[in-house]
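Just below is one structure, and these are the notes that go with it.
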Amino acid sequence: MNKVLVVEDDQGIRQIIKHNLVRESFTVFEAEDGVEGLAVAQDNNPDLVILDVEMPKMDGIDFCLRLREFSTIPVIFLSGKKDEQDRIQGFAAGGDDYVTKPFSKRELVMKVQAMMKRAQQAPSSIVAENNNPEALSHHKIRMDLGQHRVFWEDQEVSLTKNEFHILKVMLSEPSRVHPRDKLMDRVVEDRTIDSHVRGIRDKFKAFGVDPIETRRGVGFILKQWG
């Protein structure tokens with residue numbers, strides 16, 4: 001698991017990133033715009049994407065939205081845009097991190113290494129319970145998909161239909177930040193995502209735990225217990 005796709009229209013920046021990643025034993029694929037990047041991603045199945053925002057033909061935001069239709073691999077945005085709204089737009093499109101130019105080459109490589117490590121560890125957080133493929137778990141949370149039941153340790157947590165489905169989406173990728181709009185598109189029709197998340201938290205707090213963290217301006221992530 002060491003394949004990185006760099007989608008960047010500036011050849012000089014692409015080569016700098018490639019040089020530093022290859023030096024750390026990564027295999028690097030290149031693309032100079034979003035259209036080419038999608039084709040390379042589909043043909044080579046990279047483990048992570050470093051993605052420029054402003055590019056010809058298809059920009060990074062549109063690329064990420066299209067990528068998320070068939071892949072959940074980590075995406076690091078690389079951009080000269082530094083405003084908070086630009087960062088929020090990147091995360092909302094499905095990005096996992098946002099690095100502004102000019103950037104530290106060493107820091108970027110370390111971010112790639114850290115994300116790769118988390119991605120490798122993530123499947124161990126999603127396990128079948130009692131050989132049941134219709135079960136998800138993270139730390140002491142256990143979800144039985146077949147019986148539509150949720151447990152904290154051995155105590156059942158009573159959730160509404162929307163709360164159950166929100167938690168299911170989050171359990172499927174427990175180390176990922178889930179943007180509000182994505183949760184609303186996938187789960188909730190009445191556009192009250194915050195109230196549903198609050199409901200989940202309140203019900204788990206009865207057992208002395210809050211399993212969800214808010215990333216302000218971005219979305220929600222399950223608590224990453226050590």
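Values quoted throughout were computed directly from the atomic coordinates according to the rules given, and no laboratory measurement underlies them. Values in this document were obtained by computation on a predicted structure and should not be read as measured data. Note: ideal-geometry Cβ built from the backbone for every residue, glycine included; neighbour counts use all protein chains shown.
Within 10 Å, at most 16 other Cβ atoms, and a DSSP state outside H, G, I, E, B define an exposed site. Report the longest part of the chain free of exposed trypsin sites (Lys or Arg not before Pro).
Here the longest segment lacking exposed loop sites spans 83-139.
Please give me the summed charge of the neighbours of Leu222: other residues whose Cβ is under 11 Å from its Cβ, Lys and Arg +1, Asp and Glu -1.
My count for the surroundings of Leu222 gives -1.
From the convex hull of the Cα coordinates of the chain, what is the mean projected area in square nanometres?
Averaged projected area of the chain's Cα convex hull equals 13.2 nm².
Please give, to one decimal in nm, the separation of the simple spin-label points placed at Val99 and Gln15, each 7 Å out from Cα toward the Cβ.
Computed distance between label sites Val99 and Gln15 equals 1.9 nm.
Using +1 at the Cβ of each Lys and Arg and -1 at the Cβ of each Asp and Glu in the chain, identify which of Phe91, Trp225, Ala31 lies farthest towards the dipole's positive end.
Trp225
What does the charge count near Asp210 come to, summing +1 for each Lys or Arg and -1 for each Asp or Glu among other residues with Cβ under 11 Å from its Cβ?
That sum, taken over residues with Cβ under 11 Å, equals +3.
For region 3-121, what ratio Rg/Rh do Cα atoms give with a Kirkwood hydrodynamic radius?
That ratio equals 0.92.
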